[in-house]
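J.: Sending over a structure as structure tokens; questions will come in a sec.
What follows is calculated from the coordinates using simple rules that are stated; it is not laboratory data. Nothing here was measured: the structure is a model prediction, and the numbers come from that model. For neighbour counting, all protein chains shown are included, and Cβ atoms are generated from backbone atoms with ideal geometry for every residue, glycine included.
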Amino acid sequence: MAISVTCAPRCWPESRGRSSAAASLPDGNIRWLLCQSTPEFDAQGHLVGCIGTLIDSTATRETLRASEERFRLAAERARVGVLDYDVAADRGLWSPRALLAPGNPCRRIHNACAGL
């Protein structure tokens, strides 16, 4: 598989890290890649290149998608609401059923928007 990417914009120290990219194969299939890069500098501090890795994460993404779908169907069938709360970001995602739960402080907002 050949991949052509300009790495310089992604190699600066402040943007170092991971990203995902989709690669289109000649047969039309798409593979998802987990990309990681680190800048390489010469003795004078000039950027001379990047050292990076590409990991095919397609199977992992598909497994996660299937697992999320099974969870969604199980919660729907069990008639339970779900709150996914991210402590670090201090925000939560409420399922529609969770919004309807008695005592939910967000219920008034949901009821006000129901007619829209």
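J.: Report the local net charge at residue 32: Lys and Arg +1, Asp and Glu -1, summed over other residues whose C-beta lies under 14 Å from its C-beta.
T.: Neighbourhood net charge equals +2.
J.: Also, quick follow-up: Can you tally the net charge around residue 93? Count Lys and Arg as +1, Asp and Glu as -1, for every other residue whose Cβ sits under 14 Å from the Cβ of residue 93.
T.: Summing Lys/Arg as +1 and Asp/Glu as -1 gives -1.
J.: Through the Karplus equation 6.51 cos²θ - 1.76 cosθ + 1.60, θ set to phi - 60°, convert the phi angles of region 43-60 into ³J(HN,Hα) values in whole Hz; use x for Gly and Pro.
T.: 4, 8, x, 7, 5, 10, x, 9, 10, x, 10, 10, 10, 6, 10, 4, 4, 5
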